[in-house]
Amino acid sequence: MKKTLISSNLDEMYQRCASAVVKAGTQSISTGGRFTLVLSGGTTPRGLYQLLATAPYRDRLSWERVHLFWGDERCVPPEHAESNFRLVQEELINPLGLPQGNLHRIKGELESPEKVAAEYEAELADFFKLQAGDVPTFDLILLGMGADGHTASLFPSDSSLQERERLVTATRSIHRGFRRVTLTTPTINHARKVFFLIAGPDKAETAREVLEGSRQGAPLPAQLIELSDGELRFYLDKAAASRL
Ligand code: 6PG
């Protein structure tokens, strides 16, 4: 199921998304005893994380049962300004005092991006008790989208986009000065729910292409995110939705 939710401004978009995250988490915890939540990097989700860490949202979820994962990471140490882990640490982990055992960080500081990807695959295999060939099912994956249509660290014309066997892979290309490590499309497409958060006028044309455009030619990375029986939602502010 695919749904587009357009909000008149950023704050409304964050409020609607925060309510949906809490609802999804409550459902997962009541049915399975835990909530496996994959977080996005970039600038857009910061406001969402801040909101989730404040009342009333912070009080509506049993955070001790929430396990945090990352959709992608830059190959930098966790204290680096470009680290997606650091973003979440500042806005969600520290304010809520989340237990270390619930944090499943992509260790971007390891000696090579390939090693980072392999280590994270091992982390996922251990947490989800995966057998060879299994794909983990995350309860909810949050994604952003670049104006070029990339999502997580799946970039147009990067080999990572074609990866269909691995759960996690490293980009060949460098972005904002670093190679990246990312969940692959098979891993993302196996989630129960995926929420995109897309805001700002610079995303409007790409949002139109992803949500309404033709699928001829090479699809944009964000167009490769399709859930066969999961729930795919696009949360947009009015500026990003201005071409729809
Ligand atoms: C990252 C994100 C990336 C991001 C988009 C949009 O590591 O940067 O995972 O996919 O979501 O680049 O970024 P903005 O929210 O800053 O526009």
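List of remarks:
- Cα-centre dipole for the chain with unit charges at Cβ (Lys and Arg positive, Asp and Glu negative), debye to 20: 500
- Percent of C-alpha pairs per 10 Å bin, region 102-244, short to long: 12, 39, 36, 12, 1
- Whole-percent P(r), the chain, all Cα pairs, 10 Å bins from 0: 8, 33, 40, 18, 1.
- The chain: relative contact order as a whole-number percent, Cα under 8 Å and 6+ apart: 24
- Separation of region 59-92 from region 210-242 is 25 Å, based on Cα centroids.
- Take every pair of alpha-carbon atoms less than 8 Å apart whose residues are at least six positions apart; their mean separation over the length of region 1-104 yields a relative contact order of 27 percent.
- Computed helical MRE - 222 nm, the chain, DSSP H runs ≥ 4 contributing -39500 (n - 2.57), nearest 500: -7500 deg cm²/dmol
- Note on the chain: Lys pairs 8 or more places apart or on different chains, Cα atoms under 24 Å apart, count 17.
- Charging the Cβ of each Asp and Glu at -1 and of each Lys and Arg at +1, and nothing else, the dipole of region 30-144 about its Cα centre rounds to 440 debye.
- Relative contact order of region 133-222, defined on C-alpha pairs under 8 angstrom at six or more residues apart (%): 38
- Using 0.36 nm per residue and subtracting the Cα-Cα separation, the extra length available between S62 and I174 on full extension is 36.5 nm.
- Cα lying deepest toward the dipole's positive end in the chain, options V135, A204, P186, charges on Cβ: A204
- Projected area, mean over directions - region 1-107, Cα convex hull, nm²: 7.2
Only the coordinates and a few stated rules stand behind these numbers; no lab work does. Treat the numbers as computed from the prediction; the structure is a model and nothing was measured. In this analysis, Cβ positions are derived from the backbone assuming ideal geometry, glycine residues included, and neighbour counts consider all displayed protein chains.
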